[in-house]
Amino acid sequence: MDLRRRRIAAGLSLIQLAELTGYDRTYISKVERGLSTGSSEMRRRCLAAVDEHQSQQYTPVVVIPDDNMPSRAPLPLPYQTFGSELQRLRKAAGLTLRQLAVRIPCDPGSLSNYEHGRRIPSRDIARHCDRLLAADGALVALLDPVPHDAAREDEQAWVMGVDVSGRGWFTEIDRRTALRTSAALGVSRWFDGPVTAAQTDVTELTSLFSTIRAMCQQVSPELALPVLVSKTNGIRRIAETVGSRRPTELLTVASHYAIYTGKMFQEAGDFAAAGRWTTQARSWALRCESPGLMAYVLARQALLTFYAAGPAEEIIGLARSAQSLPGVSSRTLGLAALREALGHARAGDETACRHALERAGQLLRVAAGEPAEDLAGLEASTVTDHVAITTAYCLYLLGRPSRAASMLEVQRAALPVQARRAHLYFGARQALAHAAANEIDQACALTWRLLPAVADTASATALRDLRALVRVLNRHRRHAAVSHLLTEMNHILTTDVRRPM
């Protein structure tokens, strides 16, 4: 089938694909041979892993040097960062190059080249180093490829449109195809010509981002996404055009836009697009040489994996990778610890969850006394206590829904009225917690208050919890308050409440 063909073309073995996805290799083999259908999520993750592996392949070029040959250009910065971090961890462990090489296995000369940024290691080598040096995924995280000018022809172009019914669509194609298509259709290019100083005003772009975020709190994701996509593309284009003058500042702003665009795609129910945008933000963070931004993106990927019902070990790994990077603010470390707590709660490890929550609380209390950072604007500004909200979610996962509902009720009361999306998805989780605790009257009363906002806000996060609530309430159909509510909920949830983009 297609999965097997693409896996072989990418040079991946079954064992490697099983390691990358967390699925059993026998299960993957059965799916490839048509002996098992496999879930859609399994197929998506396997194909994504194959595509990622293929994009990271490196073909070495053997050159015989001579005296007139110019010195070799350095590798892109992320690989140099990987090398310096590998060297630091090796020395901290008290290992020589030869001692580490024997354990990997690898020859000492290659390890030296990796450490000094002269060669790019394979992901297998990086994983071995990460495990042996107890880096908890930090080394592997530094190995992700970064777009650079030599890859311009393979860059993605972002295309939006509207069909005859008025429904919008968004897709990604390679840059070369986009140029051919636009030429064939006679479409003009909007970004030809010089870039003015006003277009590179980082302060104005940041202020505009705050305005867009405020708008996104009150409208459906499909209304917000065209604005976010076009603005992110514009900032990326400006950063490329202005050359070496201010690319780092502009790519930092573009990363902020991309992170929030990923959030909106998540709210629209498109987790694949959300993952792609978050990965794009991660690659820009690498180019910016910002460990703080990289840590924030890793923490965001952990949260996205949680909402996408990903495995607990992946959530924990991403969150720990964020916490392992040097020079990261207390606030970002605290948020990463909260994501780790969610992973432990999903795994049912209450002790580890409690420790992560305590660590997060300590870090965020320290952060409260520090100057505000730019990344603070990426978190929900309407939430006053991130630790309490996350604790409530963890309590629900750990089988204590009544306590979870009580905590969510307190936190919802502190939300401003205009934070309609936050009211909806925290309210949906609170109603679900009430129902799971057999507090049916409270669950029904709260749900009736939430229903008018469902069509207006169209939060996929809230819709997921409301569908779970329907499944719980179906077990209480004889309860007086349930029957009429279920009829109304089924009508709303079977209607596509999300508006055209």
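The values are calculated or read from the model by the stated rules, or taken from the named source; none is laboratory data. None of these values were measured; they are calculated from a predicted model. Here Cβ is always computed from backbone atoms with ideal geometry, including for glycine, and neighbour counts include all displayed protein chains.
Remarks
- Qualifying residue in the range 323-344 (condition: of a type in the set (Ser, Thr, Tyr) and within 15 Å of the chain's Cα centre (by Cα)): yes
- Answer from Pro74, Pro65 - the residue that is at pLDDT below 50, under 33 Å from the mean Cα position of the chain (by Cα) and either in the same structural domain as Arg287 (by TED's automatic domain parsing) or exposed (fewer than 14 other Cβ atoms within 10 Å of the Cβ) (or both): Pro74
- Filter result (touching a residue at least 24 places away in the same chain (Cβ under 8 Å), out of contact with any helix residue (DSSP H, G or I) (no Cβ under 6 Å at 6 or more places or on another chain) and surrounded by fewer than 19 Cβ atoms within 10 Å (Cβ to Cβ)) within the range 452-463: Ala455, Asp456
- The range 394-451, subset in a helix (DSSP H, G or I) and touching a residue at least 60 places away in the same chain (Cβ under 8 Å), residue surrounded by the fewest Cβ atoms within 10 Å (Cβ to Cβ): Arg420
Residues are listed down the side, and each one gets a yes or a no for (1) surrounded by fewer than 24 Cβ atoms within 10 Å (Cβ to Cβ); (2) in contact with a helix residue (DSSP H, G or I) (Cβ under 6 Å, 6 or more places away or on another chain); (3) not assigned by TED's automatic domain parsing to the domain that holds Pro326:
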{"residue": "Ala268", "(1), (2), (3)": "yes, yes, no"}
{"residue": "Gly275", "(1), (2), (3)": "yes, no, no"}
{"residue": "Trp284", "(1), (2), (3)": "no, yes, no"}
{"residue": "Met294", "(1), (2), (3)": "no, yes, no"}
{"residue": "Val297", "(1), (2), (3)": "no, yes, no"}
{"residue": "Leu303", "(1), (2), (3)": "yes, yes, no"}
{"residue": "Ala309", "(1), (2), (3)": "yes, no, no"}
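Here is a yes/no grid of residues against (1) outside the structural domain of Leu325 (by TED's automatic domain parsing); (2) within 25 Å of the chain's Cα centre (by Cα); (3) at pLDDT 80 or above; (4) closer than 20 Å to Asp51 by Cα:
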{"site": "Arg98", "(1), (2), (3), (4)": "yes, no, yes, no"}
{"site": "Tyr114", "(1), (2), (3), (4)": "yes, no, yes, no"}
{"site": "Arg123", "(1), (2), (3), (4)": "yes, yes, no, yes"}
{"site": "Leu133", "(1), (2), (3), (4)": "yes, no, yes, no"}
{"site": "Asp136", "(1), (2), (3), (4)": "yes, yes, no, no"}
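- Condition met for Ala480 (in a helix (DSSP H, G or I) and outside the structural domain of Gln266 (by TED's automatic domain parsing)): no
- Search result, residues across the range 26-41 that are part of a helix (DSSP H, G or I), under 27 Å from the mean Cα position of the chain (by Cα) and farther than 17 Å from Arg5 by Cβ: Tyr27, Ser40, Glu41
- The range 273-307 - residue that is among the small types (Gly, Ala, Ser) and in contact (Cβ under 8 Å) with a residue 60 or more places away in the chain and, of those, nearest to Gly348 (Cα to Cα): Gly275
- The one condition in (1) at pLDDT 90 or above; (2) within 15 Å of Glu267 (Cα to Cα) that Met501 fails to fulfil: (1)
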